[in-house]
1. Please name whichever of A:Y86, A:V29, B:G81 sits farthest to the positive end of the charge dipole of the protein assembly as shown, dipole taken about the Cα centre and charges placed at Cβ: Lys and Arg +1, Asp and Glu -1.
2. Under a Cβ-only charge scheme (Lys and Arg +1, Asp and Glu -1), can you give me the dipole magnitude of the stretch B:4-282 about the Cα centre, in debye to the nearest 20?
3. Let's test this: bin the Cα-Cα distances of the stretch B:320-435 at 10 Å from zero up to the farthest pair and state each bin's percent.
4. Nothing charged except the Cβ atoms of Lys and Arg (+1) and of Asp and Glu (-1): what's the magnitude of the dipole of the stretch B:15-79 about its Cα centre? Round to the nearest 20 debye.
5. For the stretch B:4-282, what is the relative contact order in percent, using Cα pairs closer than 8 Å and at least 6 residues apart in sequence?
6. Taking every Cα atom in the stretch B:4-282, find the radius of gyration and the maximum pairwise distance Dmax, and write them in Å.
7. Can you tally the net charge around B:L114? Count Lys and Arg as +1, Asp and Glu as -1, for every other residue whose Cβ sits under 15 Å from the Cβ of B:L114.
8. Return the single residue from B:K134, B:K164, B:K94 with maximal mean-square fluctuation; model: Gaussian network over chain B, springs between Cα atoms under 10 Å.
Amino acid sequence: MLEIKDLHAGFDGAEILQGISLSVKAGEVHAIMGPNGSGKSTLAKVLAGHPSYEATAGGVMYGGRNLLDMDAEQRALEGIFLGFQYPVEIPGVNNAEFLRMAYNAKRVHNGEDELDPLDFDEILNEKMSWLGMEVKYKNRSLNDGFSGGEKKKNEILQMAILQPKLAVLDETDSGLDIDALRVVAGGVNKLRSPDNALILITHYQRLLEYIQPDFVHVLSRGKIVKSGEKGLALELEAMGYDWLTTTNA
Amino acid sequence: MSGSVKEAPGQAESLFLELHKKFIKDTPPSGGLRPLAEAALKRFETLGFPHRKHEMYTFVGTQDLVAQPFTLSGGDPTPDGDFLRSQILPGCEKSVVVLVDGRYRADLSDTSALAGDLAIVHLAEALADSDLQKYFKQVVDEENDVFAALNAAFLTEGVQLALKQKAAPEAPLQILCVSSGSAAGPVLNQPRVLIQVGPLAEVKLITSFCGERPNYFVNATMDILVEEGGQVACSQVQRDALDAWNFCKTRISLASDSRCFSVGAYYGSRLVRHHCDARLKAPGAEFALNAVSVLGGQEQAHQFVRIHHEAPHTTSHQLFKNIVDGKGRTSVDGTVIVCAGAQLTHSDQLINNLMLSDEARVDNKPNLMIFADDVKCTHGATVGQVDPDQMFYLKTRGLSEKTAKELLTKSFAESVIDTVRFPALAAELKRSLLKKLEA
Ligand SMILES: Nc1ncnc2c1ncn2[C@@H]1O[C@H](COP(=O)(O)OP(=O)(O)O)[C@@H](O)[C@H]1O
Ligand SMILES: [Mg+2]
């Protein structure tokens, strides 16, 4: 599904990702862990097509196509979803209307008719109830004045609505208390299928107790320095990230 | 008056003085209007047209305007019926006062929905009232805006709209100012409307400016006098021909516990300037002014606002949202004056501008003049572009560049449109004003 080969990327001439290779197949869950500043969010933004970031070497293939040739909109329409570490607040844009626009953009892209507001509302209500989101969030401005936890839930709500093939969730767990984490993880698990894949970016092992990864990768200073199965996450938790800074120094 | 030596009128002033002679000959103002018009003409001569650095016209270039060979609109042109109907807001069909080229047209107006609540009186008759006469005299003598003085110098056709004590009509009153324009050359028309809101009355007003043909300068003056406990929700909609000039001075006077909540919407044209002068004269008075402008091409729309808190316990709010594309220009020059003794005044002012092109121009001059010590006043101004992080966020959800940009720019303007108290007007603005944001 996704094939990252020796990817170097950054912005303003600063190379932050320094040769990343990663292969993700349908049905898999990959966790990417690493200390702050190691380049996790940069990788996520490069995959989602942030215009400020530039790939300077290497490549990314997605479903047999060169991902780096596509802009953010195309990538989204082709099934890539980025759950933001810091979801952007957009005052004045109605949350439910925005969700319907995004949903319909995808339907039109897939050659389907747009769904009218009433039919969409049913879908929205169902997904919101999965996440224990109150109805009032429909008529709020998009992320505007949401608490950290509400924003993260709203990201997963968007994922549930858009049903991506490949979701990259950037620190979705941070800012959530344990109950919210359980609900959000439950929502994400509901969306898993043999046809889609998940990249979970996290700083902590905690999330991985609820969403079991097939592989765990450790990112440090723009490189994957260790890969393993889910046991690696527990090892990391026990060791902390200090060993990375010392061995890499 | 200052002791400065009065200069001979410049060329531009001479053009208008010539025009005035013709006006006095052809349509002499009747009765009580005559001395007012004469006093205003003196005021006009004293003030003169603004030079480039005039403090009231810092951001508004009038050189091109005052050099135009204007004629006065003559006859009583009747606008095309379909055009006129298209300008009447849904719900105002039976509560509309039509002015064509500044003249009140009873034959085109219909105020049957306001029967019993509204009296329409020719200004010359209204001036029989000594209080009104005093008000007008003072306004003329103290006039500081030369274009408002010009309007008063040509005072012949003003209309008084008096809303009775405790009137609370369901229907909003639309004041429709049609400029008929001309194929021949630029025409000057100068509406003068006095709105009196009686004690405890609760009314809704919409003033709309529109042009049937190009080539005109509409130079309006509105007075809104709100008596004790009166409440007015008003909107001003400027939607003129592209090459038109539209200047309007609105004077608002608020008695105790009265409220005026106003929202302006500006489509822009060659040059639009709104001068709002609000006076909160007694405790409990509250004034709000929100305005939105959406400009592109060479369009300009400018706001000049002075809010005077003349009494304690008065409140004012201002919110401006301007979106400027192309070579459009906008400015907000707004000062809140808290007079001595006006303790416990609350005032806030926020100016937000969104620039969509490098060639657009935005100027802000927020200002506070405070002569009392126990007050709470804030002001702020921002100028920004479409936020790239917001754009990226929307695009990662599959929205196109165009859709994302429209969503962001429209929502910026909508925050003001949503404060319009007339659903039919808000809907119309979302349809037509925001359409300007569609690429
Ligand atoms: N917008 C930015 N401006 C400046 N530096 C940035 C920006 N984004 C990332 N960086 C830098 O790039 C490096 C990687 O950051 P990031 O990808 O956010 O790490 P992580 O998500 O792993 O904490 C850090 O050194 C960070 O300071
Ligand atoms: Mg990060």
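Nothing in this text is a laboratory measurement; each read-out follows from the coordinates by a stated rule. Predicted, not measured: the structure shown is a model, and the values here were computed from it. Reconstructed Cβ throughout: ideal geometry from the backbone, glycine too, with neighbour counts over all protein chains shown.
1. So the residue we want is B:G81.
2. Values: 28 positive and 34 negative charges, 78 e Å.
The dipole magnitude comes to about 380 debye.
3. 12, 31, 32, 18, 6, 1
4. On the way: 8 positive and 7 negative charges, 37 e Å.
It comes to approximately 180 debye.
5. Values: 643 pairs, mean separation 45.6, N = 279.
Answer for the stretch B:4-282 is 16 percent.
6. Every Cα atom of the stretch B:4-282 included, Rg and Dmax give 17.9, 54 Å.
7. Numbers: positive: B:K94, B:K164, B:K166, B:K204; negative: B:E93, B:D110, B:D117, B:E170, B:E202.
Taking every Cβ under 15 Å from that of B:L114, the sum is -1.
8. B:K134
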